[in-house]
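In what follows, a structure is listed as structure tokens, so that the remarks can point back to it.
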Amino acid sequence: DEYGVATLTMCDTTYQNTMTFEMTAAIRSALPRLRRDAKVIILMSSLNHFHVGLNPAKTREWRNRPTCHIAADMKECYMGFVELATLGLPIIAILNGKVYGGGLPIALWCDYRIASADVDM
């Protein structure tokens with residue numbers, strides 16, 4: 001907006017705000033605009049929960065893969081959030097519903113956290 005407040009809304013209805021390559025790609029695609037225009041970022045969810053970590057379906061797909069490949073894929077799923085957190089801009093997380101698994105470090109990487117009455121951590 002005109003004050004430099006950017007809202008990044010997680011709204012992955014397919015995978016329900018879990019760690020996916022698609023979410024990482026979406027966050028990365030927003031980084032240049034955020035770097036250029038934002039002074040503060042509000043991170044929130046349009047779903048009934050904030051973020052619940054790694055997608056269980058992905059972990060089942062990975063079960064027969066070498067551990068080093070699994071670790072590389074897990075790291076890649078986090079990297080969009082890591083890059084967001086290292087922009088050097090204040091981030092305010094609006095927490096709602098479930099904040100489980102890998103969603104908890106995402107919330108903790110934010111500078112400020114505002115929790116709704118229904119938050120479950």
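Just a few scattered comments:
- Of the residues making up segment 51-110, those that are polar (S, T, N, Q) and without any contact (Cβ under 8 Å) to a residue 24 or more places away in the chain are Thr59, Asn64, Thr67, Thr86.
- Any hit, segment 34-44, residues being among the β-branched types (Val, Ile, Thr), at pLDDT 95 or above and open to solvent by less than 10 Å² (accessible area, probe 1.4 Å): yes
- Here segment 86-104 is the region considered, the condition is being out of contact with any Gly (no Cβ under 6 Å at 6 or more places or on another chain) and not in a strand (DSSP E or B), and the residue that is surrounded by the most Cβ atoms within 10 Å (Cβ to Cβ) is Asn96.
- Failed criterion for Ala107 (all others in (1) at pLDDT 95 or above; (2) outside any helix (DSSP H, G or I) hold): (2)
- Residue under evaluation Asn96, criteria (1) modelled with pLDDT of 95 or more; (2) touching a helix residue (DSSP H, G or I) at 6+ places or on another chain (Cβ under 8 Å), criterion not met: (2)
- Restricting attention to segment 43-85, the residues that are within 26 Å of Ser116 (Cα to Cα), assigned to a helix (DSSP H, G or I) and among the aromatic types (Phe, Trp, Tyr) total 2.
- Some residue of segment 12-29 being part of a strand (DSSP E or B), modelled with pLDDT under 95 and within 11 Å of the chain's Cα centre (by Cα): yes
- Among the residues making up segment 94-110, those that are within 15 Å of Tyr78 (Cβ to Cβ) and small (Gly, Ala, Ser) are Gly101, Gly102, Gly103, Ala107.
- Pair list, Cβ < 7 Å and 6+ apart or interchain, from segment 14-25 residues that are touching a residue at least 60 places away in the same chain (Cβ under 8 Å) and at positive phi to residues that are of a type in the set (Gly, Ala, Ser) and open to solvent by less than 20 Å² (accessible area, probe 1.4 Å): Asn17/Ser45
The values are calculated or read from the model by the stated rules, or taken from the named source; none is laboratory data. What you see is a predicted model; the values in this text were computed from it and never measured. Neighbour counts are summed over all protein chains in view; Cβ atoms, including those assigned to glycine, are modelled from backbone coordinates with ideal geometry. With ligands, DNA and RNA removed, areas are computed over all heavy atoms of the protein, side chains included. Shrake-Rupley method; radii C 1.70, N 1.55, O 1.52, S 1.80 Å.
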